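Novice: If you scroll down you'll find the structure; I have some questions about it.
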Amino acid sequence: MLYRAEGIVIRSTDYGEGNKIVTLLTPTFGKQGIVVRGAKKLKSRYGALAQLFTYGDYSYYKNGTLGTLNSGEIIESFQELRQGLEGPAYAAYAAELTDRAINDDEAAAYLFHQLKACQTALVEGKDPQIVVKAYEMKVFAAAGYAPMLDECVSCGRTDAPFYFSAAGGGALCRACKSRDPGALELQDGVWKLMRVFLALDMRRLGSIAVKESTKQQLQLALRRWMDTHLNLNLKSRGFLDQLEKYGDLLGMAPNPAPVERRAVPPSEEESKEAGTREDGAV
Ligand SMILES: [Zn+2]
C-alpha cells in the first residue's frame, strides 16, 4: 500500500549496498521505518531525504513493518544542524531521545511539532541546553512519564516548598519528604522552568536567559527523572556530556557567553525580543 506522510528523520542507518534505513517521526502514523534505496550513492536523488534531521514529504510503499521510499521532497533540510559540533550534538540527542522513548505506533502529531520546533530553535541559536531540556519534558509527557509538579504526589498538598522526587513521581511536600531520602531541594527557578516546559508549546519558546546554577539543578533533576523512568542509555548523551564539559577546550562556548556590557540600552523592540527571563514572570 502506498502511504504519504510528512516526517522528520530521527534515525538513519546504513543498510546493505548503498542503501539506508531511516526512521521518521510523522504526525499521522507515529514512527515509520523506511528503506531509501541508493541513498548513499553520490548521484542519488533521495540521499538528502535520508539524512538525519531532514524534514520532508515522503511517499512510500509498506506492507510489513518496513516501508520503501517511492518518492519524496525536502520541506526543510535543517542543514545547519549538520555543521560544527554543537548543533549536531544537541539535535542528535533530541532525535535519539525521540526514537528511543516513543513507541512505533504512538500517535505523534503534537510531538512531531515539538521536535520540529526544537530543531528550529537550535538553528535559530537559542540556548541549546534550555531548548533540549524543554524538549525532554515534551518527550516525557508524550511517553506517559510527566512529573507531577503542582501538588505533593503523596498527600496532594499544593503549598510549597516541595522537594523533587524522581522515584516518587514529582513533588513531595515537607511533611512527606522522608518518603524519598533522595528527593532534591531545588531553586524556585528550577520548579518554575519545569512547569513552564511541561505546559509550553515549543513553537512558542522565546529566548530564556537562565542562570548557570539553575541550569545545573535543572539538568540534575531531569536526568534523575529520565534515568528513573526511561533508562535509555542514549549514545548521544555521552557525547553531549563530553561536549558540555570540554567544549571550551575545543574553542567553543558550550554555554552562551555572558551578555556584553553595552553603552546603549537595548531598544524596546530588543527587550521584547529577549522574551521571558528566568527571574521574571516566565
Ligand atoms: Zn505531602
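The values are calculated or read from the model by the stated rules, or taken from the named source; none is laboratory data. What you see is a predicted model; the values in this text were computed from it and never measured. Note: ideal-geometry Cβ built from the backbone for every residue, glycine included; neighbour counts use all protein chains shown.
Novice: Among the numbered criteria (1) within 15 Å of the chain's Cα centre (by Cα); (2) at pLDDT 95 or above, which one does G87 miss?
Specialist: Among (1) within 15 Å of the chain's Cα centre (by Cα); (2) at pLDDT 95 or above, the lone unmet condition for G87 is (2).
Yes/no per residue for (1) modelled with pLDDT under 95; (2) within 20 Å of D150 (Cα to Cα); (3) under 20 Å from the mean Cα position of the chain (by Cα):
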residue	(1), (2), (3)
S165	no, yes, no
K177	no, yes, no
Q187	no, yes, no
V196	no, yes, yes
I208	yes, no, yes
E212	yes, no, yes
Q217	no, yes, yes
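Novice: Among the residues of region 198-223, what is the count of those that are surrounded by fewer than 17 Cβ atoms within 10 Å (Cβ to Cβ), charged (D, E, K, R) and touching a residue at least 24 places away in the same chain (Cβ under 8 Å)?
Specialist: Within region 198-223, residues that are surrounded by fewer than 17 Cβ atoms within 10 Å (Cβ to Cβ), charged (D, E, K, R) and touching a residue at least 24 places away in the same chain (Cβ under 8 Å) number 4.
Novice: Within 19 Å of R237 (Cβ to Cβ), within 14 Å of the chain's Cα centre (by Cα) and of a type outside the set (A, V, I, L, M) - does that describe any residue in region 139-158?
Specialist: Yes; the residues of region 139-158 include at least one that is within 19 Å of R237 (Cβ to Cβ), within 14 Å of the chain's Cα centre (by Cα) and of a type outside the set (A, V, I, L, M).
Novice: I need the full set of residues from region 124-154 which are within 16 Å of the ligand (Cβ to nearest atom) and in a loop (DSSP other than H, G, I, E, B), in order please.
Specialist: P147, L149, D150, E151, C152, V153, S154
Novice: Which number in (1) under 21 Å from Y93 (Cα atoms); (2) modelled with pLDDT under 90 marks the one condition that T276 misses?
Specialist: (1)
Novice: Which ones in region 172-191 are surrounded by fewer than 18 Cβ atoms within 10 Å (Cβ to Cβ) and either more than 23 Å from V139 (Cα to Cα) or more than 16 Å from the ligand (Cβ to nearest atom) (or both)?
Specialist: R174, A175, S178, R179, P181, G182, E185, Q187, D188
Novice: Also, quick follow-up: Among the numbered criteria (1) at pLDDT 95 or above; (2) part of a loop (DSSP other than H, G, I, E, B); (3) away from the ligand (no atom under 16 Å from the Cβ); (4) out of contact with any Phe, Trp or Tyr (no Cβ under 7 Å at 6 or more places or on another chain), which one does R157 miss?
Specialist: Failing condition for R157: (3).
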